[in-house]
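First comes the structure, then the notes that go with it.
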Amino acid sequence: MLRALLLAPPGAGKGTQGELLAKERGVPHLATGDMLRRHVAEGTDIGKRAQTYMEQGELVPDEIVNQLVGQAVAGDEPLEGFVLDGFPRTLEQAKAAYDYGLANNRTFNAVVSLVVPEKELVRRMLARGEAHGRTDDTEETVHRRQLVYEESTKPLVEFYRDRGILIEVDGVGTVDEVADRIRTAIDALAPQG
Ligand code: ADP
């Protein structure tokens, strides 16, 4: 059963590729950004606490995000497989996920790091902001989010490399080309079935 994480800077295509991969392997796709945006749209307590961080391109506090993902993954019926997209994003989140995985026999079996040059990322995000009206895809916030990624999330690449489950995939190309690369790498690390 696939338990994968997509680890990539904003604009690299986590959402698109995460959805494809999850569908192909028959596991749920859990995107923390989407979950948080739903909470904001519905005006829940979590949404109210998360909104300002998101609009400014800052990370939502670990405690809120850990709770949100915990409910989705370890709720009444703990998930056996999943593709996580956008979580973990800090070392503290990664440690919480690892502790849960060890205790419940559900550690990740593959972590896909999508590699895309920063210039291309910024170009894609600004285009996306215009097309979809995402309020955090503005010029100022886009740069802040890249910096936050470098500072808080990039250290996770080494964390997972040390655990032998890191897959680095070139994220430049068409959606199909990138999906093919991910499929090939994952099949080698986490065979179907
Ligand atoms: P992107 O990767 O383009 O930034 P996401 O949809 O993954 O888009 O995330 C949007 C925003 O949601 C982030 O900038 C952050 O504020 C918040 N967020 C999502 N996932 C997390 C997380 N794991 N920890 C903290 N904040 C998060």
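The values are calculated or read from the model by the stated rules, or taken from the named source; none is laboratory data. Just so you know, these numbers come straight off a predicted model, no measurement behind them. As a convention, Cβ positions derive from the backbone with ideal geometry for all residues, glycine included, and neighbour counts pool all protein chains shown. Areas reflect the complete protein model, heavy atoms only, side chains present, ligands, DNA and RNA absent. Shrake-Rupley method; radii C 1.70, N 1.55, O 1.52, S 1.80 Å.
Data table
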read-out: Whole-number percent relative contact order across the chain, with pairs defined as alpha carbons under 8 Å at least 6 apart; value: 33
read-out: Listed pairs LYS119/LYS154; LYS14/LYS95; LYS95/LYS154; LYS23/LYS154 exceeding 19 Å between Cα atoms; value: LYS14/LYS95; LYS23/LYS154
read-out: Cβ-based net charge around MET1, under 10 Å, with every Lys or Arg adding one and every Asp or Glu removing one; value: +2
read-out: Cα gyration tensor shape of the range 137-193, rounded if a/c is under 1.5, else prolate or oblate by comparing a/b with b/c; value: oblate
read-out: Largest-first ordering by accessible area, 1.4 Å probe, given options HIS143, HIS132; value: HIS132, HIS143
read-out: Gaussian network model of the chain, Cα within-10 Å springs - most flexible of ALA103, ALA74, ALA22; value: ALA103
read-out: The range 29-87 - percent relative contact order, Cα under 8 Å, separation 6 or more; value: 50
read-out: Calculated on alpha-carbon atoms, Rg and Dmax of the chain in Å; value: 15.9, 44
read-out: DSSP-assigned coil residues among trypsin sites (Lys or Arg not before Pro) in the range 26-64, each with at most 12 further Cβ atoms within 10 Å; value: none
read-out: Under 9 Å, Cβ to Cβ, from GLY129 - net charge with Lys/Arg +1 and Asp/Glu -1; value: -2
